[in-house]
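The values are calculated or read from the model by the stated rules, or taken from the named source; none is laboratory data. Worth saying up front: this structure is predicted, and the values here are computed from it rather than measured. All Cβ positions, glycine included, derive from the backbone under ideal geometry; neighbour counts span all protein chains shown. To get the accessible areas, we keep the full protein, side chains included, count just its heavy atoms, and leave off ligands, DNA and RNA. Shrake-Rupley method; radii C 1.70, N 1.55, O 1.52, S 1.80 Å.
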Number of protein chains: 2
Amino acid sequence: MTKNEIQEQRMRGYFIEATRELLKAEGLKSVSVRSIAEKAGYSYATLYNYFRDVKELVFECVRGFSEECVASVVERTASIPPGEEGLRARLRAWALYFAEYPGVFELFYLERLNDLGNRHPSVNIIWTLPDRLCAADWERLGEEGLPSSRAHDLMEAVKYEITGMLLFYLNRGKPSRFDGFAELLDARIAKTLTPPHHPLT
Amino acid sequence: MTKNEIQEQRMRGYFIEATRELLKAEGLKSVSVRSIAEKAGYSYATLYNYFRDVKELVFECVRGFSEECVASVVERTASIPPGEEGLRARLRAWALYFAEYPGVFELFYLERLNDLGNRHPSVNIIWTLPDRLCAADWERLGEEGLPSSRAHDLMEAVKYEITGMLLFYLNRGKPSRFDGFAELLDARIAKTLTPPHHPLT
DNA sequence: TAATAAAATAAACGATGTTAAATAATTAAC
DNA sequence: GTTAATTATTTAACATCGTTTATTTTATTA
């Protein structure tokens, strides 16, 4: 890495860090090219020497937040060994990270990235985040006899379901308080992972 | 209704209809107080004589779209009697309405309504839409012996799950094409409503 | 018809993202 | 080490946005 590249990466880092702080503390609504530049200590026009536009900058934060989320989940569930209980706990911790930082949820799932195209790397980071968190749990359940196709189905179901719950809770106030959300979250994870043996008809 | 109230309702209707058309055709990004007013044939300042702000106007469209969605689902599934098959078909048609009109999805689930508060009537219209669509199906399944608590759980699961799927498909390009989404939708509805008798461990 | 009330609009404000021109800082050449 | 060229940064400007205030037009009433 040449001298100029080091400096360039440093400058990008200043802007990215400023954006991260704004996103975490106040959410997307308070992230503007001017507020970022002020926090970074530069003029807002300087930003355009290091990022194509403000959307590129904002989505540069995805990787960092995903790593932070992984760290949060690992720390909160370190004592729980791989398996069914670990799976539930890690899915729960994954969801609670977004409930704690709604601005990160906005960035991951709500913010449009029209022109960046949907092949942007951040989309895959977001999509595969829960899979990475629970890989060991599914592996263990596989060793215990769970077919991998069934594992895949369950993971898909619970991923979509929790994302939908977060959407309603954070964006539509359903449920209105955190307590209600946490309760609902636990109940739904349990029921989806171990559905009762009771056919519809 | 007095003469003035009639005129006021008419004026509100002009703006609401203009907003509806913009939303359906081009999505939220092209909805602005100026574009609405131009389509309605008035100055943009006139809008503020009939709506507190543009968010109030935009959310006034929710009821109309929800009725349109109901009509679409009813029409597409009229021949299917209440029961398990009807349930699947109506949930599918509900999701496909949003896949067809991504702008309506944005309005229903993505657009913030910070200041309007989360007790706004549109939130309940949105939340209960699938319940109203499938009420007869659940009723029939109840008559056939399905416990209402189980029905409630399944409906909750499938509502969150489909919303999550729509979020990923419309906002993150997962899956990238409609075919993939429709296929995934059918598969997930079927699997969630009739999970296999196979415990995790 | 003239005075008054109401409705519609034009003008303006502050904030947004972005670009072009102008200044400051750094590097290269001598 | 001073000057010229290049690069980095900033100021100024533009178009667009939501909203408010002042002004003009339209309708109603005396």
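Given the criteria more than 30 Å from A:LEU91 (Cα to Cα), open to solvent by less than 50 Å² (accessible area, probe 1.4 Å) and of a type in the set (Phe, Trp, Tyr), does A:PHE65 qualify? Reasoning before the result, please.
Values: more than 30 Å from A:LEU91 (Cα to Cα): no; open to solvent by less than 50 Å² (accessible area, probe 1.4 Å): yes; of a type in the set (Phe, Trp, Tyr): yes.
So A:PHE65 does not fit the description; no.
Of the residues making up segment A:85-106, just one is among the hydroxyl-bearing types (Ser, Thr, Tyr) and within 11 Å of A:VAL73 (Cα to Cα), namely A:TYR97. Could you tell me whether any residue of segment B:46-55 is open to solvent by less than 20 Å² (accessible area, probe 1.4 Å), away from DNA strand C (no atom under 12 Å from the Cβ) and closer than 29 Å to B:GLU156 by Cβ? Among the residues of segment B:46-55, not one is open to solvent by less than 20 Å² (accessible area, probe 1.4 Å), away from DNA strand C (no atom under 12 Å from the Cβ) and closer than 29 Å to B:GLU156 by Cβ, which makes the answer no. One residue stands out among those in segment A:56-81 that are closer than 14 Å to A:PHE105 by Cα and among the β-branched types (Val, Ile, Thr): the one that is nearest to DNA strand C (Cβ to nearest atom), which is A:VAL58. Restricting A:LEU193, A:LEU167 to those that are aliphatic (A, V, I, L, M), over 19 Å from the mean Cα position of the chain (by Cα) and facing another protein chain (nearest Cβ under 7 Å) reduces the list to A:LEU193.
When the residues of segment B:178-187 are filtered to those that are open to solvent by 10 Å² or more (accessible area, probe 1.4 Å) and within 11 Å of chain A (Cβ to nearest Cβ), which remaining residue is farthest from B:TYR97 (Cα to Cα)? Break it down into steps so the answer makes sense when it comes.
At the first step, the residues of segment B:178-187 found to be open to solvent by 10 Å² or more (accessible area, probe 1.4 Å) are B:178-180, B:182-184, B:186-187.
Then drop every residue that is not within 11 Å of chain A (Cβ to nearest Cβ), which leaves B:184, B:187.
Values: B:LEU184: 16, B:ALA187: 18 Å.
Among them, the one singled out is B:ALA187.
When segment A:124-148 is limited to residues that are at the interface with chain B (Cβ under 10 Å from one of its Cβ atoms) and without any contact (Cβ under 8 Å) to a residue 12 or more places away in the chain, the one that is most open to solvent (accessible area, probe 1.4 Å) turns out to be A:ASN124. Of the listed requirements (1) more than 11 Å from DNA strand C (Cβ to nearest atom); (2) without any contact (Cβ under 8 Å) to a residue 40 or more places away in the chain, A:ALA37 misses just one: (1). The helices (runs of 4 or more DSSP H) found wholly in segment B:19-117 and carrying at least 3 residues that are near DNA strand D (Cβ under 9 Å from one of its atoms) occupy B:33-40, B:54-76.
Might you let me know whether segment A:153-160 holds any residue that is over 14 Å from B:THR192 (Cβ atoms) and not small (Gly, Ala, Ser)? So that I can check it myself, show each step before the final result.
At the first step, the residues of segment A:153-160 found to be over 14 Å from B:THR192 (Cβ atoms) are none.
For segment A:153-160, residues over 14 Å from B:THR192 (Cβ atoms) and not small (Gly, Ala, Ser): absent.
Only one of the numbered conditions (1) within 14 Å of another protein chain (Cβ to nearest Cβ); (2) open to solvent by less than 50 Å² (accessible area, probe 1.4 Å) is violated by A:LEU96, and that is (1).
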